[in-house]
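Structure first, then comments.
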Amino acid sequence: MPIVGFYSKNSTVELQIEWEKRLRVHLPSLKLVPLLSKDAEQATSALLWNSPLEILNKLKNLKGLISLGQGVDHILKNNLIPKNLPIVRIVDPYMAKSMSHWVILSILNFVRDAYGYYEQEKNKQYKSRKELNFLSLKIGIYGVGAIGSVVAKDLHNLGFAVEGWSRTKKEIEGVKSYYGENSIEKLIKNCDIHVCLLPLTPLTTNIFNTSTFAKMKRGSCFINAGRGDQVVENDLIEKCKSGHISSAILDVYRDEPLPKNHKFWQQSNIRIWPHVAAETNPETAAKQIANAINCIEIGKLPPNTIDRNLGY
Ligand code: NAP
Ligand code: GLV
């Protein structure tokens, strides 16, 4: 009977019960126990989101960790986890599609000036606003992995010109692909709308800063659903104030929840979402998580185990 330690920041008992119910469809003998309880000493794997990490080193029966999301930076931060402990992440097409919907929503709001129309409506103003020609806009997707590749394809199918950037070479139909450290410059200079879907690693930390923003075209739109630490927030605020970045749509922040006194709230061309662009769905993710728990239990490396050297 696999015993699994469970921790999801801000989660309720109900959430743990829901996960247990969903996972038991695939692994009927499984037992979920709160990670911070005495029962967790027996756990062979742990299912985590934003958990305290020190506790994990005290659980001597642990053979693997599973992220309750597609990102694993919350587990790798501070380098506390032994290298030999496999870390598994969710890769769920449902989440990729959900992210695609959020990115499309953000881009169409920008292109059609939806916020301008909402303002007009408040003042009963019935008049057309300047419309951008979508044929002349290029969209750059930074990170074309499990999520970014779906977003890139969907945007291409909507009629946009799309370019993608990754570490290794990619072939995505209809999408111009660049790879390797230096080629990021192409997207930064070519594109009008910049969408960050990168994982957080030492190489992607602070990747969007004054220097990167300055190279973007004046009036660019910047969208971030990767991780907050990829953006130097004061640099973004300065560029939004000057209008160099005409609109920023953000879902992730260095400090979450975004503090009430954060300057982002004051900047009218920065749109704030509370880290909901693509939420984990227990219904669609349960099967692969149950499989990962089972693999860990029998000493097999689960699919979607991350590469510790790359950090994602
Ligand atoms: P993934 O499949 O691992 O894809 C990551 C992509 O980034 C890959 O294309 C990878 O290139 C590229 N990449 C990584 N480091 C790079 C570097 N140094 N230079 C160039 N390209 C680099 O990850 P995913 O499942 O798509 O998820 C991506 C991230 O989205 C997650 O880590 C998480 O931070 C974020 N996310 C956010 C939400 C939300 O609700 N806001 C939801 C889910 C995920 P290669 O393919 O060549 O390795
Ligand atoms: C959400 O941010 C995730 O990484 O799944």
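Pairs needed: first member in segment 219-238, free of Cβ contacts under 8 Å to residues at least 12 places away in the same chain; second member anywhere, within 12 Å of ligand 2 (Cβ to nearest atom); C-beta distance under 9 Å; at least 6 residues apart or different chains.
none
Looking only at residues that are in a loop (DSSP other than H, G, I, E, B) and of a type in the set (A, V, I, L, M) in segment 291-310, which one is surrounded by the fewest Cβ atoms within 10 Å (Cβ to Cβ)?
So the residue we want is I298.
Listed here are the residues, each with its yes/no results for (1) within 15 Å of ligand 1 (Cβ to nearest atom); (2) of a type outside the set (V, I, T); (3) closer than 24 Å to N281 by Cβ.
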{"position": "L35", "(1), (2), (3)": "no, yes, yes"}
{"position": "P52", "(1), (2), (3)": "no, yes, no"}
{"position": "G71", "(1), (2), (3)": "yes, yes, yes"}
{"position": "N79", "(1), (2), (3)": "no, yes, no"}
{"position": "M99", "(1), (2), (3)": "yes, yes, yes"}
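Give the residues of segment 93-132 that are surrounded by fewer than 16 Cβ atoms within 10 Å (Cβ to Cβ) and either β-branched (V, I, T) or touching an Asp or Glu at 6+ places or on another chain (Cβ under 6 Å) (or both), sorted by residue number.
I104, R129
Listed residues I147, I90, I66; which is open to solvent by less than 60 Å² (accessible area, probe 1.4 Å) and farther than 22 Å from D251 by Cα?
I66
Select from segment 69-87 the residues that are aliphatic (A, V, I, L, M) and open to solvent by 20 Å² or more (accessible area, probe 1.4 Å) and list them in ascending order.
Within segment 69-87, L76, L80, L85 qualify.
Among the residues in segment 124-139, are any within 16 Å of ligand 1 (Cβ to nearest atom) and out of contact with any Pro (no Cβ under 8 Å at 6 or more places or on another chain)?
Yes: segment 124-139 contains one or more residues that are within 16 Å of ligand 1 (Cβ to nearest atom) and out of contact with any Pro (no Cβ under 8 Å at 6 or more places or on another chain).
The values are calculated or read from the model by the stated rules, or taken from the named source; none is laboratory data. A quick note: this is a predicted structure, and the numbers were derived from the prediction, not measured. Here the Cβ is made from the backbone with ideal geometry for all residues, glycine too, and neighbour counts use every protein chain on show. Note: accessible area is taken over every heavy atom of the protein model, side chains too, but ligands, DNA and RNA are not part of it. Shrake-Rupley method; radii C 1.70, N 1.55, O 1.52, S 1.80 Å.
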